[in-house]
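To start, the structure under review is shown below, and the notes come after it.
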Amino acid sequence: MLIESRSPDTPSTPGVALRPWCAGDLDELVRAYRDPVLRRWTRAPVTTAAEARRWLDGALRDWADGRRYTFAVLEEQTDGPRLVGNVVLKGVTPQRPAPEVGYWTASWARGRGVAPRAVTALSRWAFDRFPEVTRLDLLHQVDNVASCRVAQKSGFVFQEILPARPPFPLDGHRHALHAG
């Protein structure tokens, strides 16, 4: 199944395309996770091909059960599309008041607005795909200043400080984006 969502190109930045992860992404996934900054903010390490296969298999299972939708973020380059990040919609269940948006950006793509473009594309897709969803949340630890900027640039508004919860040792921020 191919589901694609695009952010528009601008004169200074190419758009990003979102698609489900696939087995062919294994090497790029391991390469992205070599970055200590990425590993600091993520829960599941992906340092070997075996861990990457488990991660990719989990992403496929999550699509199948309909609770979590993980997308590879691609940016068009002169030599073709390049993996630049990941976005995920978590907790799409009737029991949860608002699904959560998560993301990461590969080290080679940081500082170019990839994350806000990908989060914006994912948010549009989520509201279109799930009309019953009226709010999305974006959570991050208080010391993750870059994530706070991504939330703001993506239209998410700061709502509250959340108490620390494992595996993250510090309090967090909750930002929200409402449909419409």
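The values are calculated or read from the model by the stated rules, or taken from the named source; none is laboratory data. This is a predicted model, so every value here is computed, not measured. No Cβ is skipped: glycine too gets one built from the backbone with ideal geometry, and neighbour counts run over all protein chains shown. Just so you know, the surface numbers come from the protein's heavy atoms only, side chains and all, with ligands and any DNA or RNA stripped out. Shrake-Rupley method; radii C 1.70, N 1.55, O 1.52, S 1.80 Å.
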Note to self: Can you give me the distance in nm between label points at ASP27 and GLN77, each placed 7 Å from the Cα along the Cα-to-Cβ direction?
What the structure shows: 1.2 nm
Margin query: Expected output is a single nm value to one decimal: the length gained when fully extending between ARG96 and ARG165, i.e. 0.36 nm times separation in residues minus the C-alpha distance. What is it?
Written below: 23.1 nm
Next item on the list: At 0.36 nm per residue, minus the direct Cα-Cα distance, what do ALA50 and PHE158 gain on full extension? Give it in nm, one decimal, please.
Entry: 35.1 nm
Next item on the list: Only Lys, Arg, Asp and Glu count, each charged at its Cβ (+1, +1, -1, -1), so figure out the dipole size of region 106-180 about its Cα centre, rounded to 20 debye.
Entry: 340 debye
Next item on the list: Rank GLY111, GLY66, GLY80 by mean-square fluctuation in a GNM of the chain with C-alpha springs under 10 angstrom and give only the top-ranked residue.
Entry: GLY80
Item checked: Carbon plus sulfur fraction of accessible area for the chain, probe 1.4 Å, in percent -> 55 percent
Check: Whole-Å semi-axes of region 1-142's equivalent ellipsoid, largest first, each the root of 5 times a Cα gyration tensor eigenvalue?
Finding: 22, 19, 15
Notebook entry, point to check: Tell me, what is the 1.4 Å probe accessible area of PHE130, in Å² to the nearest 10?
Noted result: 20 Å²
Next item on the list: Take the chain, connect every pair of alpha-carbon atoms lying under 10 Å apart with a spring to form a Gaussian network, then pick out the residue of PRO20, PRO99, PRO163 with the largest mean-square fluctuation.
Entry: PRO163
Notebook entry, point to check: Hey, what number do you get for the chain at 222 nm if only DSSP H runs of n ≥ 4 count, each worth -39500 (n - 2.57), divided across all residues, to the nearest 500?
Noted result: -9000 deg cm²/dmol
Notebook entry, point to check: Taking a quarter of the surface of the Cα convex hull of region 111-180, what do you get in nm²?
Noted result: 5.1 nm²
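Quantify how much of the Cα-Cα distance distribution of region 55-125 extends past 18 Å, in percent. Don't jump to the answer; show the numbers that get you there.
Values: 1057 of 2485 pairs.
It works out to 43 percent of all Cα pairs.
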